[in-house]
Amino acid sequence: MSTEIETTGDPIADPGLQPHQYRPQDVDVAQERRTERQIAAMFGLATLLLIGFCFAYFMIDADERVFAFGDPASGNAFGGWSAQNFAFGTTLGGGLLLIGVGIIQWAKKLMGDHEMVEMRHPAGSSDDDRSATMADINAGIQESGIGRRPLIRNSLLGAVGAMGLPAIVLLRDLGPLPHDQDVTVWKKGMRVVNDVSGTPIKPSDLEVGQLVNGEPAVFFETDGEGHPVIHGHDLLAAKAKAAVIVVRMRPQDITPAKGRENWGVDGILCYSKICTHVGCPISLWEQQTHHLLCPCHQSTFDLADNGRVIFGPAARPLPQLPLAVDGEGYLIAVSDFPEIVAPSYPELARDQKQLNKKFGGDL
């Protein structure tokens, strides 16, 4: 028996091009119009869902939860998903799905479905080939009907354009806007508490040379139902600006600037914990020199000299919080920070000028 393989002929027969199958939309104008309206409705609904995504971002509280079954109060409910994430997924996913389905329906039912054959040719196309290609492209555009179907075209452009709205809205989550940095939660009469235990601080609790990390008492306060007054994202954002350090040094070592002679209590001074360079938390304290070092870029501040910068890239002194003692002997703030607590940003001078007007000599 011969072992040679027969090499003549194709192993698989050329299937060729299938004959064109006419669709209902090709022969029935009413069906064509109905399909066109269905596709446009999908694009229109997609636009509404994408706009709904933006509304959900602003209207639904980030802490709100969704339960499917049962009673959430009794703890046997199923779910507990974030309502905002649920809305985001539903609207964005639904919008993208409808745009995709609409495009597929448009291609399958309304666009021309004649197959096109492109012959192999050298890498460099000739003028005739380029002309033929452009003719094919133009023919494809004509067959798609994008020029004579303005309803589909415009609704698709609207839906695709609306896809950019969620991306723009989500940019807001990058962080607080710079012009929101001019105030913190500190106010007149608010106690300074230990940042871990929440215990109010008395001057007698501090020894000369000691540094304590502090926060405003409102972070530990609860409402009538026992819930924190400030919680979630708002708490984190407030902590990023209101954290402080409280230090005690000998009163004779302090050189207060004009108007700040009464900002301390028996050598106890309070400064922002946020470095004015790029916002790192700062608490490396050298009690002998009264210097405070930022661990990120070595900016150094002299706390005995109004938080003045003595080394490093920081360009502004450390903001100081005026202190006093309340009727029960605890340290309290006299006001909010009169200087902006944050890294420097382009509009800082403008915001500082507005902050100066707000204080207006109340200190």
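A few notes on this one:
- For the criterion of being under 31 Å from the mean Cα position of the chain (by Cα), surrounded by 16 or more Cβ atoms within 10 Å (Cβ to Cβ) and in a helix (DSSP H, G or I), Leu170 fails.
- One residue from Asp128, Asp113 being among the acidic types (Asp, Glu), open to solvent by 50 Å² or more (accessible area, probe 1.4 Å), modelled with pLDDT of 80 or more and farther than 30 Å from His233 by Cβ: Asp128
- Restricting region 227-248 to residues that are free of Cβ contacts under 8 Å to residues at least 40 places away in the same chain and over 26 Å from Asp205 (Cα atoms) leaves a set whose member that is farthest from the chain's Cα centre (by Cα) is His227.
- Filtered by the rule that a residue be outside any loop (DSSP other than H, G, I, E, B) and buried (at least 16 other Cβ atoms within 10 Å of the Cβ), region 282-303 gives Trp285, His291, Leu292, Leu293, Thr300, Phe301, Asp302, Leu303.
- In region 143-167, residue most open to solvent (accessible area, probe 1.4 Å) [restricted to those that are β-branched (Val, Ile, Thr) and under 17 Å from Ala46 (Cα atoms)]: Val160
- Of all the numbered requirements in (1) of a type in the set (A, V, I, L, M, F, W, C); (2) open to solvent by less than 40 Å² (accessible area, probe 1.4 Å); (3) farther than 19 Å from Val192 by Cβ; (4) not in a strand (DSSP E or B), Val309 misses one, and that requirement is (4).
- Only one of the numbered conditions (1) out of contact with any Phe, Trp or Tyr (no Cβ under 7 Å at 6 or more places or on another chain); (2) closer than 25 Å to Ile230 by Cα; (3) open to solvent by less than 90 Å² (accessible area, probe 1.4 Å); (4) at pLDDT below 90 is violated by Ala87, and that is (4).
The values are calculated or read from the model by the stated rules, or taken from the named source; none is laboratory data. As the structure is a computational prediction, the values presented were derived from the model and not from experiment. Reconstructed Cβ throughout: ideal geometry from the backbone, glycine too, with neighbour counts over all protein chains shown. All accessible areas refer to the heavy atoms of the entire protein, side chains included, with ligands and DNA or RNA removed. Shrake-Rupley method; radii C 1.70, N 1.55, O 1.52, S 1.80 Å.
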